[in-house]
There are 2 protein chains.
Amino acid sequence: MATVRSRLAHSVKLATRHTKTRSFSSTSQYGSDTASTTLSIASLLDRGPADPNNVCVNGFVRSVRSQKRRSFVDLGDGSTLEPLQALLSPEQAQSLSTGTAVRLKGAWKESRFPESQTHELHVTAIDILGSSDAATNPIQKKYQTKEFLRTIPHLRSRTPFNSTLLRLRSDCISEITRFLAAEGFTQTHTPIITSSDCEGAGQVFHLESSHKGPISEHDDGTFFRSPKYLTVSSQLHLEALAQSIGNVWTLSPTFRAEKSDTKRHLSEFYMLELEMSFVEDMSVVMNVVEKLVQSITLPLLTSRVGKELLATRTRDGEETGESSEWLRDRWLAMKGPWPRITYTEAIQILQTSGINFTNTPQWGLGLSIEHEQHVASVFKKPVFVTQYPRDIKPFYMLPSRESTDMGETVDCFDLLLPEAGELVGGSMREHRLDPLIASMRSSGMIPHGPPEFISDEQLGSLKWYVDLRRWGSVPHGGFGLGFDRLLGYLAGVQNIRDVNTFPRWVGRCEC
Amino acid sequence: MATVRSRLAHSVKLATRHTKTRSFSSTSQYGSDTASTTLSIASLLDRGPADPNNVCVNGFVRSVRSQKRRSFVDLGDGSTLEPLQALLSPEQAQSLSTGTAVRLKGAWKESRFPESQTHELHVTAIDILGSSDAATNPIQKKYQTKEFLRTIPHLRSRTPFNSTLLRLRSDCISEITRFLAAEGFTQTHTPIITSSDCEGAGQVFHLESSHKGPISEHDDGTFFRSPKYLTVSSQLHLEALAQSIGNVWTLSPTFRAEKSDTKRHLSEFYMLELEMSFVEDMSVVMNVVEKLVQSITLPLLTSRVGKELLATRTRDGEETGESSEWLRDRWLAMKGPWPRITYTEAIQILQTSGINFTNTPQWGLGLSIEHEQHVASVFKKPVFVTQYPRDIKPFYMLPSRESTDMGETVDCFDLLLPEAGELVGGSMREHRLDPLIASMRSSGMIPHGPPEFISDEQLGSLKWYVDLRRWGSVPHGGFGLGFDRLLGYLAGVQNIRDVNTFPRWVGRCEC
């Protein structure tokens, strides 16, 4: 025992010695080893350096212009759209080209061309951290088409506009997390691998595993004993959690194995889904949608990312077409209150519009994208369209208390955006056991027969979902919001493939 | 044209009318339709009601005790571990049983038993929102084993302790998001469907799609034209983003198709991964780990969730075994600074420990869980172990500048926790092109030969990763943290299946 103790004492001594001799700075500036002086370019441009004669900055060369006696370098580090302007000797600039990674040291001085930037860095020392062959670099100083950039998602984020999109995404996640926590919502992690297809439709990705052969004598040789899919929605799992702890949400990857080759669809995308319990009035759910989307949109009018998004509108070679006023107006149109009309009213608006739609608007059919865009354009604002016909909506939606002259409807809503169409879909959920089973029967999901004879086998992969209605089920409702679509809308990016960081669609999964 | 205009005017008028007549309250209390008086139980217990004579609360019955002239109900709504105590007439309580969902209205009065709770609700009106058959309800008032609860993850969150775990998860995500945003890190969304297996080892889930037959004449009939997997790590994609915009992170689902049937492994789990660029000193990366983990641990000493986790220690039927002092000490041990020792020193500590380990500790072999636990127990704190032998680590790690007498090492670290073992693994990455290719060769990932003859085909699904070293590559490093493991550690939950909300492991994917 004495021996063990003395060995332990030796171990502690050995380890303690090394703890003490090993220095580890506890600076809050993690970005660099030269913590005291290194700033991001965004910080430097915003606030200036602590010591103007001792500035150190890291980044990638965006462009080099050399004159006889001096060279001008535009440097970016992904922290802002604006480059840092640096002044070097032609010798210092000799081995620089687009993409070279450098560490520059020097003095922060007033610019001789204050119309472009107030200060510039007069470089005294340069470290080449990573060289770049301009001839082969796929990211050139000049404009690259969006189509080309989609083939190199691993390098695309090096362009200034794509770095802005990444910062927009980050800012929006932060703000949503803050907003929903303040409102008392619990953020949850719902599963990716699931047994059921929520919508009862749509193509799903199936899972295999590299595990071969049976796991035990009782299984069929698959990893999970039965077929599994990649989730198409977190709604069902959120309903389980909402019935336990109240208002919940998740921002989760979602999948569709659809062949849709459009501007609006991806095989993998992020959905923000939210579920509220003890709620009978759907307007309460719509209020959350409205406040949530406003909470991330209106800050853009003053934030750095917002300014950058507007600035790209006046530049060559970036998201072109529409002006910065157009984008600002899009954000301003987000101010509330947002109109709420029924599906029946939307059909009336479409039918009396005098427009010759490709698909004739008709009660009982879904709204096509041209319909959605027209309805939202009438109001020049986001519009909630509620109470769609029951026959065109999924089994889990709660029937409306009053039906229309045209037929039965459900308590659901879509949020339509001007120029873009659907962003959000939500509904009240059928929380009563027998009507839910009846709805599953009439949707053809389970065989017909009296409720008391329903078996676990018949319910199959939805047994657990039906279970939620058995012991203390309460009125509840929620929604799903296409997060990548929202970011594209806020950024004025037309194609979802240009706003998703590593887009996957049919035939395309680049890295 | 006049006709179109008048139709449009009609549409707007129609829609506007409905916007105006449709009321939608813009209360910030989304939890209920009776917004003015409904509070969560947590709010009510913490702050009391605005009007003590007009209280409305929603929840699920946890227990009913009936005496001759009155009944006592414990009500929970998932917002806190503590139940609300309600006083009813036996008639009011007649149809209540464990799990019944109710809305109670009444007066908030001082309790006659203030040692348990200061106030109780004297119920004047009760709405049964959802009945519950106590005889069949799998969630009983009495204790259920953890093993049984794992078979019903969709109902498990209804138990008080599991609702605390959900709130712990939410609080931790919020705090991490806030902390890393304040430190200038960009939150990103890395892909789930990937082409490559980061570690070059481990079982991966393969993807199929329900799409059958060729998509075009040029493909092989698979959805993405080539085999795809569920990601085992976001590291490679984070490296791409860090080389563009600096310090980045993600909290993302991660997958392993391993047959491990242990307390520490799942097939699907959340990893927090982070990557920093322009960093040469690994201690900078370890500083982030330390501050990040502390940022979510130390608030537990005073937060509601922290108090609840301690309270469950003294209760029957919940996470048992160790005391609340034990759990508080675990949190207090997180205070810094954390020791940092090398792998070589760790081996010395193990070899001189006098302990008869199942696996004999030996330089050149990995540390087993018993080794990790012993090393951390010596320090009674989280410990960083750095510079592992090169031969037992993945190809992408940067070789240490100095080798040991025993052999070559890499700049990597594991964070070991007392009693739990590894929580975090990180490293500096090989950022130089030729050494990276040499390392891929010696790992057997690509054929041998001179660097200049390496072809895109040979690099295969890692071509894009190698590309990152071609144009302005900079020193960088990062880490991955097992988020579910961390939550389990903080909560004192021994088995990861009890802290992950919908756990999946070999043969098990319940809903």
Taking a straight Cα-to-Cα line shorter than 14 Å from residue B:68, and setting aside same-chain aspartates and glutamates fewer than 8 residues away, one finds B:91
Taking the label point 7 Å from Cα along the Cα-Cβ vector, the copy-to-copy distances for residue B:432, listed from shortest in nm with one decimal, are 7.4
Trypsin sites (Lys or Arg not before Pro) in region B:406-511 lying in a DSSP loop, each with at most 16 other Cβ atoms within 10 Å of its Cβ, come to B:432
Mean other chain Cβ within 10 Å across B:178-190 is 6
So the pair-distance distribution of region B:226-347, from every Cα-Cα distance in 10 Å bins, comes to percents of 10, 24, 34, 25, 6, 0
Zone reached by a paramagnetic label modelled 7 Å from residue A:89 Cα along Cα→Cβ, restricted to region A:49-73 with backbone N below 12 Å, covers A:69-71
Per residue of B:99-105, other chain Cβ atoms within 10 Å number on average 3
If the chain between residue B:369 and residue B:432 were fully extended at 0.36 nm per residue, the gain over the current Cα-Cα distance would be 19.4 nm
Listed by chain and number, the lysines with an alpha carbon less than 17 angstrom from that of residue B:146, same-chain partners under 8 positions apart left out, are B:263
One residue of chain A has its C-beta nearest the axis rotating A onto B; that residue and its distance in whole Å are A:177, 2
Cβ-Cβ cut-off under 9 Å around residue B:76, Lys and Arg +1, Asp and Glu -1: the net charge is -1
Phi-derived 3J(HN,Hα) across region B:329-334 with the Karplus relation (6.51, -1.76, 1.60, θ = phi - 60°), rounded Hz, x for Gly and Pro, is 4, 4, 5, 5, 5, 6
Measuring from the longest principal axis of the C-alpha atoms of chain A, the long axis of helix A:160-182 (C-alpha) lies at a number of degrees, nearest 10, equal to 50
For chain B, longest principal axis from Cα atoms; helix B:282-297 axis from its Cα atoms; angle between them, nearest 10 degrees, is 10
Here the FRET efficiency for residue A:69 versus residue A:329, based on Cβ atoms and R0 = 45 Å and rounded to 0.05, is 0.45
Semi-axes in Å, largest first, for region A:70-145 (Cα gyration tensor, √(5λ)) are 21, 16, 11
Most packed first (mean Cβ within 10 Å per residue), the peptides B:300-309, A:397-406 order as B:300-309, A:397-406
Share (percent) of C-alpha pair distances in the protein assembly as shown greater than 59 Å works out to 12
For region B:345-357, in residue order, the Karplus 3J(HN,Hα) values (coefficients 6.51, -1.76, 1.60; θ = phi - 60°; whole Hz; Gly and Pro = x) are 5, 4, 4, 4, 4, 5, 6, 9, 6, x, 8, 8, 5
Distances in nm between the label point of residue B:263 (7 Å along Cα→Cβ) and its equivalents in the other copies, shortest first, are 5.6
By the mean-Cβ-within-10 Å protection proxy, highest first, A:341-349, B:94-102 rank as A:341-349, B:94-102
Of the convex hull enclosing the alpha-carbon atoms of chain B, the direction-averaged projected area in nm² is 35.7
The lysines whose Cα lies under 18 Å from the Cα of residue B:259, excluding any fewer than 8 residues away in the same chain, are A:212, A:228
Output ordering of B:363-370, B:267-274 (per-residue mean of other Cβ within 10 Å, highest first) is B:267-274, B:363-370
Mean other chain Cβ within 10 Å across B:157-166 is 3
In whole percent, the Cα-Cα distances of region A:339-386 spread across 5 Å bins from 0 upward as 5, 25, 38, 24, 8, 0
Residues other than residue A:368 with Cβ under 14 Å of its Cβ, Lys/Arg counted +1 and Asp/Glu -1, net out at -3
Residues meeting the amide H criterion for residue B:124 (H placed from the backbone, H to H distance under 5 Å, 5 or more places apart or on another chain) are B:105, B:106, B:107
In Å³ per residue, the alpha-carbon convex hull of region B:459-511 encloses 157
Sorted shortest first, the nm distances from the residue A:145 label point (7 Å along Cα→Cβ) to its counterparts in the other copies are 6.5
Taking the reciprocal of mean 1/r across every pair of different Cα atoms in region B:406-510, the Kirkwood radius in Å is 17.2
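Each value in this text was obtained by applying a stated rule to the coordinates, not by laboratory testing. Just so you know, these numbers come straight off a predicted model, no measurement behind them. Cβ coordinates were reconstructed from backbone atoms using ideal geometry, including for glycine residues, and neighbour counts include every protein chain displayed.
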